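This report refers to the structure that appears directly beneath it.
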Amino acid sequence: MPRDIISPLLAFDIGNTTVSLALMDGTRVLFTARFPTDYQFNSRQYADQIRDVLIKNHILDENFKNLYCMISSVVPPVCDAIRGAVLNLTGKTPVIAGADLNTGFHILVDTPEKTGADRIILAAGALSCCQPPLILIDMGTATTIDILEPPDLYLGGMILPGTQISLDALASRTAQLPEINLYKISKNQFNPPLIGKNTIDCMLSGALYGSAAMIDGLIDRLEAERGHPFQIIAAGGVSGMIIPLCRHAIKTDADLIPRGLAVLAGLNPEAFDQS
């Protein structure tokens, strides 16, 4: 748990597809927002977008200076733009989350300093509310699976192509299969017939049930490898479509990343400009 409270905290999760923003009061989420990752936007354009979100959620211009910020990013150019945007809005330099910070747990991999920030943050968020052994699944552009053992050991995990990437590959490498954007399909398509009767249903069945079966199969192998069951938690943009189709009991938690950022902020108060 955090040793200090850095609040209010803007928690950014910058992914290849979307940017998620949460305003945190300690580890409590006050509001969230999401917008597309735009590689062409500069700091001023992102500042306008962030300001609109804050104003919409009743944070006035004169209160921006009270905000701190921590960023998780797998997209360095966009991270730089948002970092500049937040600095211009708040007057405070955002802290970039990574393995160089005090994480509160032990990272037992070959090169701990190269562990992805998104995976560290997910683990910090999970450990703030759950006891290991844990399997953490993050289903975004890529799917990551991470293993936590008692008392506070991060063992590593897996990185797989995300479900949307698989669909994109099908459309780009075949002549007659259409593009499908999982973020734009209707909710009644989240549970397609297992045996599709048309091209779209066949592709959705393969992508969604295939991903669920993959997750189930990997959990079986991990539990056999480690010799015990795990509590399993999932997050990420497409987890709401995939996890309900899995046969294992898997809890979804959309707030793991912002909560993890808040935990890391509390563990590293010296990283923030407190002036």
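The values are calculated or read from the model by the stated rules, or taken from the named source; none is laboratory data. Every value quoted in this text rests on a predicted model; they were computed, and no experiment measured them. Counting neighbours? That spans all protein chains shown, and the Cβs are built from the backbone with ideal geometry, glycine included. Ligands, DNA and RNA are excluded from the accessible area calculation, which covers all protein heavy atoms including side chains. Shrake-Rupley method; radii C 1.70, N 1.55, O 1.52, S 1.80 Å.
Each Cα pair under 8 Å and six or more residues apart adds its sequence gap; the mean of these over the residue count of segment 170-275 is a relative contact order of 20 percent. DSSP finds beta bridges in segment 1-146, and of those with both partners inside it, around 70 percent are antiparallel. First measure r as the distance between the Cβ atoms of residue 228 and residue 111, then evaluate 1/(1 + (r/R0)^6) with R0 = 22 Å and state the FRET efficiency to the nearest 0.05. Working from the Cβ atoms, E equals 0.20.
With Kirkwood's inverse mean 1/r over C-alpha pairs for Rh, give me the Rg to Rh ratio of the chain, two decimals please. Can you show the working numbers first?
Numbers: Rg = 19.3 Å, Rh = 19.6 Å.
Taking Rg over the Kirkwood Rh, I get 0.99.
Pop out the carbon and sulfur fraction of the accessible area of the chain as a percent, whole number, probe 1.4 Å. Spell out each step's value before the answer.
On the way: 6900 of 13410 Å².
Of all accessible area on the chain, carbon and sulfur atoms account for 51 percent.
Percent antiparallel among DSSP beta bridges with both residues in segment 117-275, to the nearest 5? Around 65 percent of the beta bridges assigned by DSSP in segment 117-275 are antiparallel ones. Volume per residue for segment 64-114 equals 77 cubic angstrom (convex hull of Cα atoms).
Where a ≥ b ≥ c are the square roots of the eigenvalues of the C-alpha gyration tensor, would you call segment 200-263 rounded, which needs a/c under 1.5, or, failing that, prolate if a/b is larger than b/c, or oblate? In terms of gyration-tensor shape, oblate. Each helix, a run of at least 4 DSSP H residues, gives -39500 (n - 2.57); summed and divided by the residues of the chain, these come to -11000 deg cm²/dmol at 222 nm. Taking every protein chain into account, the accessible area of the chain amounts to 49 square angstrom per residue (probe 1.4 Å). Of the whole protein surface, residue 67 contributes about 10 Å² of accessible area at a 1.4 Å probe radius.
Placing a label point 7 Å from the Cα of residue 153 along the Cα-to-Cβ line, the residues of segment 83-127 whose backbone N sits under 13 Å from it are 106-109.
Considering only C-alpha atoms, what is the centroid distance from segment 231-273 to segment 1-40, in Å? Each part reduced to its Cα centre gives a spacing of 12 Å. Dipole check for the chain: with +1 at the C-beta of Lys and Arg, -1 at the C-beta of Asp and Glu, and the Cα centre as origin, the magnitude is about 580 Debye. In order along segment 11-17, the Karplus-derived 3J(HN,Hα) couplings, from 6.51 cos²θ - 1.76 cosθ + 1.60 at θ = phi - 60°, round to 10, 9, 10, 9, x, 5, 10 Hz, and Gly and Pro are given as x. In vacuum, with every alpha carbon of segment 150-275 counted as one equal point scatterer, what does the Debye formula give for log10 I(q)/I(0) at q = 0.16, 0.20, 0.21 Å⁻¹? Two decimals, please. So the normalised log intensities work out to -0.92, -1.20, -1.28.
To the nearest 10, the accessible area of residue 159 is 120 Å² with a 1.4 Å probe.
Give me the percent of Cα-Cα pairs in segment 8-79 that sit more than 15 Å apart, rounded to a whole number. Summing the P(r) of segment 8-79 above 15 Å gives 53 percent of all pairs.
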